[in-house]
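K.L.:
A single structure is presented below for examination.
The values are calculated or read from the model by the stated rules, or taken from the named source; none is laboratory data. Given the structure is predicted, the values throughout are model-derived calculations rather than measurements. Cβ placement follows ideal geometry from the backbone for every residue including glycine, while neighbour counts extend to all protein chains displayed. Just so you know, the surface numbers come from the protein's heavy atoms only, side chains and all, with ligands and any DNA or RNA stripped out. Shrake-Rupley method; radii C 1.70, N 1.55, O 1.52, S 1.80 Å.
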Amino acid sequence: MRSKNKVAGAGTTGSSASPCAACKLLRRRCAEDCLFAPYFPPDQPHKFASVHKVFGASNVNKLLQELPVNYRSDAVSSMVYEANARVRDPVYGCAGAISSLQQQVDVLQAQLAMAQAEIIRLRMQHAGYLAHLRLTSARGGGGGGGGSSATSSPKMMEVNEKPVYNLETEMDQTSMYEPMWSC
Amino acid sequence: MSESNSNSASISRRCAACKYLRRRCSADCILSPYFPASHPQRFACVHRIFGASNVARMLQILPVHQRAQAAESISFEAHWRAQDPVYGCVRIINMLQHEIYESQQELARTQAQLAMYTARQPTEASSVIAQPQENLILDNSNFLNFQDLHDLI
């Protein structure tokens, strides 16, 4: 019994393998050693369609032939990605995606720089407060300064008082300089 | 004499595309505004990767005011594909996504440190933490991993 459905590529050998998506689109016989067959299976016709639309079958063929076999799969995948990007955005294609990603990198790096600057500022503020505490305890001997509770913790005092950091009086106290740079 | 002069004049006015393809450059050549004769290598690269007819078709379907940008981006992609036949400009995309991921991680660590300081000094540090964090979380489905490249297509 002969199958009425003649499948391109089956030939007279009776092979049941259907042609790859490339040969199907190009309406040609899919040879055993078809270059496209491993990368464009017949159940994914859209893959080859977009690649053919943007690069052209002959150009894809030339590009793949120039590559070692173990690189061809990745090359096809990247070409499909690029072709799809061009179909979605005929003006900018992949370059549009690159531009958008670069902008996101810039925004993130700006945010990171701001956050790091804030940490440095807070560390300096904290160091100044500690220096103030030491100076206060060295002078007065008692806790708390004027007005506030004598037993108040440094944390409580930070909430109510803005730390005062006077460079002139603290110049000789090198121990106040805590390491600010964690790197 | 005058005919040869006019012939040579028309030949010298050919764009890089028509020069490369060894054809007459007509007045309405769609490629000539974007592939001037002064940059022959640019068209050679584009032709090698995409093919002249594909490029002409891609430009033809666009409005005139967008064709220059399209030609520029096509040249960019062709250049990177010629440099890297396996990944082309997709490699740049992958690198940028990796950079975004790293920056996000670093930003998260830095913000955690800020949160520690906020616990000590709520009046100063909280204003930084409370700012809306746009663009920090990317939709991970757009991330391109070369190992998963096949699945994303």
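K.L.:
How high is the FRET efficiency between residue B:60 and residue A:114 when r is their beta carbon distance and R₀ equals 56 Å, given to the nearest 0.05?
P.N.:
Numbers: r = 47 Å, r/R0 = 0.84.
That pair, residue B:60 with residue A:114, gives E of 0.75.
K.L.:
Total Å² of accessible surface buried at the B-A contact, 1.4 Å probe, nearest 100? Each step should come with its number before you reach the end.
P.N.:
Numbers: alone 11240 and 13670 Å², together 20060 Å².
Summing both sides, the interface buries roughly 4900 Å².
K.L.:
OK, next. Averaged over A:96-102, how many beta carbons belonging to a partner chain fall within 10 Å of each residue's beta carbon?
P.N.:
Values: counts 2, 8, 10, 2, 3, 11, 4.
Counting other chains' Cβ atoms within 10 Å and averaging over A:96-102 gives 6.
K.L.:
Please give the average number of partner chain Cβ atoms lying within 10 Å of the Cβ of each residue in B:96-108, rounded to a whole number.
P.N.:
Numbers: counts 9, 4, 0, 6, 7, 1, 2, 8, 4, 0, 6, 8, 2.
For peptide B:96-108, the averaged partner shielding equals 4.
K.L.:
Right, another one. Please compute the average number of Cβ atoms from other chains found within 10 Å of each residue's Cβ in peptide A:55-67.
P.N.:
The mean count of partner-chain Cβ atoms within 10 Å per residue comes to 3.
K.L.:
Calculated FRET efficiency, residue B:105 and residue B:41, Cβ-Cβ r, R0 51 Å, to nearest 0.05?
P.N.:
With a Förster radius of 51 Å, E is 0.80.
K.L.:
Moving to a separate point now. With a 1.4 Å probe and every protein chain left in place, work out the accessible area per residue of the range A:34-114 in Å², rounded to a whole number. Can you show the working numbers first?
P.N.:
Working: 3500 Å² over 81 residues.
That works out to 43 Å² for each residue.
K.L.:
Right, something else. Contour minus end-to-end for residue A:53 and residue A:100, with contour as 0.36 nm per residue of separation and end-to-end as the Cα-Cα distance?
P.N.:
14.5 nm
K.L.:
Something else now. On full extension of the chain, what length is gained from residue A:107 through residue A:17, given 0.36 nm per residue of separation minus the C-alpha to C-alpha distance? Walk me through the numbers on the way to the answer.
P.N.:
Values: separation 90, 0.36 × 90 = 32.40 nm, distance 5.15 nm.
Fully extending the segment from residue A:107 to residue A:17 adds 27.2 nm.
K.L.:
Please work out the FRET efficiency for the pair residue A:32 and residue B:83, using the Cβ-Cβ distance as r and a Förster radius of 51 Å; give the result to the nearest 0.05.
P.N.:
The calculated FRET efficiency here is 0.95.
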